[in-house]
Structures are given as C-alpha cells and as structure tokens.
Amino acid sequence: MASRKPKAKPVSRQSVRHQSHSHPLRVFKAKEDDETVCSGCELELTGQAFKCTKSDCDYLLHKSCFDLPGETHHKSHKDHPLTLLYSPPDDESFYTCNACDQYGSGFTYHCSNCKYNLHVGCASLPETIEREDHEHPLTLLYCTSCKGREDTTFICSACEETVLEDLWVYYCRECDYGTHVYSCAAYEDQESNEEEEEEEEEGEASTSPASRIKSLMKAQDEMAAMQLEARIMNDANEAALDLWDQPKRRYYW
Ligand SMILES: [Zn+2]
Ligand SMILES: [Zn+2]
Ligand SMILES: [Zn+2]
Ligand SMILES: [Zn+2]
Ligand SMILES: [Zn+2]
Ligand SMILES: [Zn+2]
C-alpha cells in the first residue's frame, strides 16, 4: 500500500492566476507607508492589489493593473491597436516610453509595427490636469504644439528644458504654457501641501493627478536607477556605451 502523503495545508485565502506571472497571487491591501511598487506599472502600490503567494517573490500588482485589457485603442496612436506586454519587447530589459521618454521594465502597451511603447501609467494619464501655479487647466497633447515647425522648439514652462516634438505635454493654449507630462507636471507648493492636510478628510489628497504623477516619477526613477545598476553589473562595457544614448532624467522640484 502506498503511504499516504501528508495533506496539503488548507489554503486560507483564495489564490488567483494572472498571465503575467507564473505563481498564484492572492488579494493584498497595500498600506501607504509600505513603499512597495507595482510590478506592472512600476508606480507606488496603494489600495487594492495582488501579491505573489510565494514568500520569497515580491511580485505585486494593482488591482487596476491586474484588470488591464490585453489590447487598447489609444488616442495617441490611432492607426494601430496597442497590445499589453508583460515585459519589455524584443527580450530587452527595458523599453523607452514614447509618451514621457523614460524607461519602463514592467508592462507596456506596445505596437510592434511602429516599435511604439507606452507605460501603462502614461496610457491612462488624465486628459486634463490642474496646476497650483497656473490659472487654467492643462490639456494633454500627444506631441508638442511645436511639432513640424522648424522655427520653434517647445520649452517646458516648469523646467525650461527643450521637449522633443514627439513627446507628450500638458498644455494651455491660451497662455502657450506647457510642461513635460510628469516630471514637471506635478507642481505643488508648500501652501498647497498645507491646504491638503486640512482637506484630508475628503480623501482627495492622495488621488489627485498631481500626487499620482509624483508617485509615478518617484517609482520610475528608482526603477530606472536599479535597472541601470543591474545593467552595469551584468554587462559593464555594453551598459557604459548604451548609457550615453539614453535620455537623461532630471527633476526640478
Ligand atoms: Zn500597477
Ligand atoms: Zn511569484
Ligand atoms: Zn511613460
Ligand atoms: Zn503602430
Ligand atoms: Zn519639464
Ligand atoms: Zn493658461
């Protein structure tokens, strides 16, 4: 007679599968001070989420990233649908986002025809945002207002750096005022922070576009730094050469 195997421990919480990951995931409620990052969008993990059931695996997904459609039609890329990839295309360790010019190493909305990539976070940027220091709402443009004009280049009104004509900007036509989509879009001055503390009961502070964008920056910057470190360690020579071609990331807070 075959000896009986010990019974597997009963699963206390339901696990679910997601195509992006080989292990089962379970429901996870992220706390704000956990400072964890979603493995899909690479943004700070808050609210409803999923976590890998393996204790030694840090795979985490926002519920919203778990539920992302496998294909999307995006206004920025009208000719082709974009396909959700769970890792950078062409076996690369990262891609460059066509919206913001920053790296991504998690999910991307991708067009293989055009080698077009969007961070899933950039693909869902709000079409208008409000800035503390500008009286009008700013509208998301999928290229700068200077595209195709040889006589002018677009200068970010926040950091005063040139924005390449194919990158996205937040723009006010009336004032010809515009900024990079996120590294410069999230302006909050001291005064507004104080106001936010007072308004915290309304629960809006942590979900404003500005704070989302801030979180996007922070998380992606850390991620980019880690990737660069990893690349340098893995392949010192190649990485060193590559670095010169990569867009540099700068902040002006
Ligand atoms: Zn996410
Ligand atoms: Zn795992
Ligand atoms: Zn992006
Ligand atoms: Zn395309
Ligand atoms: Zn800028
Ligand atoms: Zn304006």
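Each reported figure results from applying straightforward, stated rules to the coordinates on display, with no laboratory input. The model shown is predicted, which means the values in this text are computed figures rather than measured ones. No Cβ is skipped: glycine too gets one built from the backbone with ideal geometry, and neighbour counts run over all protein chains shown.
Rounded to the nearest 20 debye, what is the charge dipole size of the range 74-123 about its Cα centre when +1 sits on each Lys and Arg Cβ and -1 on each Asp and Glu Cβ?
Values: 3 positive and 5 negative charges, 51 e Å.
With Lys and Arg at +1 and Asp and Glu at -1, about 240 debye.
Please give me, ordered by residue number, the trypsin sites (Lys or Arg not before Pro) of the range 46-130 that lie in loop per DSSP and have at most 15 other Cβ atoms within 10 Å.
On the way: sites: 51, 54, 63, 75, 78, 115; in loops: 54, 75, 78, 115.
Answer by residue number: 54, 75, 78, 115.
Taking label positions 7 Å along the Cα-Cβ direction at both residue 127 and residue 176, the computed distance is 2.6 nm, reported to one decimal. Between residue 47 and 30, the built amide H atoms are under 5 Å apart, and every one of these is 5 or more places off in sequence or on another chain. For the range 18-66, the fraction of alpha-carbon pairs lying more than 13 Å apart is 47 percent, rounded to a whole number. 3J(HN,Hα) couplings calculated from phi for the range 79-86 with the Karplus curve 6.51 cos²θ - 1.76 cosθ + 1.60 (θ = phi - 60°) are, in sequence order, 6, 9, x, 9, 9, 6, 10, 8 Hz; Gly and Pro show x. Pairwise Cα distances in the range 86-138 exceed 17 Å for 42 percent of all pairs.
Could you put 132, 160 in order, starting from the residue whose Cβ has the fewest other Cβ atoms within 10 Å? Don't jump to the answer; show the numbers that get you there.
Values: 132 13, 160 9.
Ordered by Cβ neighbours within 10 Å, fewest first: 160, 132.
Rg/Rh, computed from the Cα trace of the range 1-142 with Rh as the Kirkwood radius, has the value 1.10. Ranked by how many other Cβ atoms sit within 10 Å of their own Cβ, fewest first, the residues 175, 38, 159 fall in the order 175, 159, 38.
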